[in-house]
Amino acid sequence: MSRPRVVIVGAGFAGYRTARTLSRLARGRADIILLNPTDYFLYLPLLPQVAAGVLEPRRVTVSLTGTLKDVRLVLGEADGIDLDAQTVHYSDAEGGVGTLSYDRLVLAAGSVNKLLPIPGVAEHAHGFRGLPEALYLRDHVTRQVELAAADDDPKASSSRCTFVVVGAGYTGTEVAAHGQLFTDALVRKQPLRQGMRPRWLLLDIASRVLPELDERLSRTADSVLRARGVDVRTETSVKEATPTGVQLSDGEFIDTRTLVWCVGVRPDPLAETLGLPMERGRLLVDPHLQVPGHPEVFACGDAAAVPDLENPGQYTPMTAQHAWRQGKVAGHNVAASLGGGSRRAYRHRDMGFTVDLGGVKAAANPLGVPLSGPLAGAVTRGYHLAAMPGNRIRVAADWLLDAVLPRQGVQLGLVRSWSVPLDTSSPELAHVPGRSERPSPAEGKS
């Protein structure tokens, strides 16, 4: 008798945790296949440190084949799911196609950059969801500082050294905080005109930074950013983006060559192709993470609208914390559906949040206790080391080296601007000539 086959789509926080949990529980009684475009799990919270030159790129990537026992990796992007035939169609990295049959399916496709209908943004902004985008931003920022230092035109030099980040949530706040430190370090090697220094702007339509967190964390982050020289603009958005700057909602035009888009994320469009009940782009599931009417299909992470049992009538937010925990529950429940144990509903307890602000600064509230300064920085980095499924020693070593040695400000030139478009369903991949995007939801239904 053949073993049941479980196909997991996506190796983000939810998919990786599902695969790891299931491989431990199944003990060889099921064929587990993980379909993912890359051969690594990306520890997304540390991505701003890659862009700022604190961590080397491989430090935040964890090998899938090296850490997932009894899981077969298939490199590819799912572009269609046939629920009746129980198959997943995918495209591989070299233009080929394939089909995977399944007895159980776990949809953990994650999320992509959230777009808004603002003129010029899709053409001139770059997101921050994948490793290619972080590598591009590091090169781009380094290049702008170097060009500004050599430019005889004060206006052009100032424009190149002005960096605009839109979105003051976790990602945008950390990008701006680390970015200011990075450019200050760069100009010590490439001095700018007298009296000129890099300028970072952080914009958000909300009334404060980190609007989704406790006000004390918001105040801590805001004070650190402003003391560092970041120009924080709340209740302000971008009205239009151009190749040479951005028009703000208050009428001011900012001369800049850099627009980083961190306004949030939207669920991967793959879920919409299924034609099943959705909640704001997320696939509706029950508390056991199963899709109603399709007990063989599970969904978790950003792709799933999971009922929040602690707040009836609401759904859990799209955060890495929830995705990681839901992956564990999904692994248990898939194993239970194959005869190994009993199902469990997804419940959560707020363990607090951490925001790394660079250097020794952070804002954190572990178990509801608000912290700031070096203590918060130590707790934040300790949390990340504990949460990472690999590379802990290498990450700690990079932190130590960054504390005692100057950062290397060099351009690698590996990722070009056109290869990391904002409007993409695959932020984890750098685009190459001739490579087409995954079909849109409308195309997938035709």
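The values are calculated or read from the model by the stated rules, or taken from the named source; none is laboratory data. Model, not experiment: these values are computed from the prediction. Counting neighbours? That spans all protein chains shown, and the Cβs are built from the backbone with ideal geometry, glycine included. What goes into the accessible areas is simple: the full protein's heavy atoms, side chains included, and nothing from ligands, DNA or RNA. Shrake-Rupley method; radii C 1.70, N 1.55, O 1.52, S 1.80 Å.
Couple of notes before you dig in:
- Matching residues in segment 94-104 - criterion: being in contact (Cβ under 8 Å) with a residue 60 or more places away in the chain, farther than 17 Å from Ala303 by Cβ and either in a loop (DSSP other than H, G, I, E, B) or touching a Gly at 6+ places or on another chain (Cβ under 6 Å) (or both): Gly95, Asp103
- Taking every residue in segment 314-330 that is part of a loop (DSSP other than H, G, I, E, B) and pairing it with any residue that is acidic (Asp, Glu), at least 6 positions away or on another chain, the pairs with Cβ-Cβ distances below 7 Å are Gln314/Asp308; Thr316/Asp308; Met318/Asp302.
- Here Gly313 meets the list (1) under 20 Å from the mean Cα position of the chain (by Cα); (2) open to solvent by 70 Å² or more (accessible area, probe 1.4 Å); (3) farther than 30 Å from Pro4 by Cβ almost entirely, failing just condition (1).
- Taking the numbered list (1) open to solvent by 10 Å² or more (accessible area, probe 1.4 Å); (2) in contact with a strand residue (DSSP E or B) (Cβ under 7 Å, 6 or more places away or on another chain); (3) not assigned by the TED database to the domain that holds Leu270 in turn, Asp184 passes all entries but (2).
- Exactly one residue out of Arg280, Arg266 is open to solvent by 60 Å² or more (accessible area, probe 1.4 Å), out of contact with any Cys (no Cβ under 6 Å at 6 or more places or on another chain) and over 25 Å from Pro48 (Cβ atoms): that is Arg280.
- Selection within segment 241-273 - farther than 21 Å from Leu44 by Cα, among the aliphatic types (A, V, I, L, M) and assigned by the TED database to the domain that holds Leu44: Ala271
- Filtering Asp356, Asp423 for residues that are modelled with pLDDT under 95 and either open to solvent by 50 Å² or more (accessible area, probe 1.4 Å) or under 19 Å from the mean Cα position of the chain (by Cα) (or both) leaves a single hit, Asp423.
- All helices (runs of 4 or more DSSP H) inside segment 106-209 with 2 or more residues being of a type in the set (Asp, Glu): 131-150, 170-189
- Residue within segment 121-143 that is closer than 30 Å to Pro4 by Cβ, open to solvent by 10 Å² or more (accessible area, probe 1.4 Å) and among the hydrophobic types (A, V, I, L, M, F, W, C) present: no
- Helices (runs of 4 or more DSSP H) within segment 1-90 that include 2 or more residues hydrophobic (A, V, I, L, M, F, W, C), touching a helix residue (DSSP H, G or I) at 6+ places or on another chain (Cβ under 7 Å) and buried (at least 23 other Cβ atoms within 10 Å of the Cβ): 13-26, 47-51
- Residues that are open to solvent by less than 40 Å² (accessible area, probe 1.4 Å) and within 26 Å of Pro267 (Cα to Cα), drawn from segment 398-420: Val415, Ser419, Val420
- For segment 107-120, a residue qualifies if it is in contact (Cβ under 8 Å) with a residue 40 or more places away in the chain, open to solvent by 30 Å² or more (accessible area, probe 1.4 Å) and more than 17 Å from the chain's Cα centre (by Cα), and the qualifying residues are Leu116, Ile118, Pro119.
- Any hit, segment 360-380, residues being open to solvent by 60 Å² or more (accessible area, probe 1.4 Å), of a type in the set (D, E, K, R) and in the same structural domain as Leu42 (by the TED database): no
- Given (1) β-branched (Val, Ile, Thr); (2) part of a loop (DSSP other than H, G, I, E, B); (3) closer than 19 Å to Thr21 by Cβ, index of the condition Val360 fails: (3)
- Contacts under 7 angstrom Cβ, first residue in segment 336-353 being free of Cβ contacts under 8 Å to residues at least 12 places away in the same chain, partner in a loop (DSSP other than H, G, I, E, B) and not basic (Lys, Arg), 6 or more apart: Ala336/Ser342
- Looking across Arg193, Arg199, one residue alone is assigned by the TED database to the domain that holds Phe253, modelled with pLDDT of 95 or more and basic (Lys, Arg). It is Arg199.
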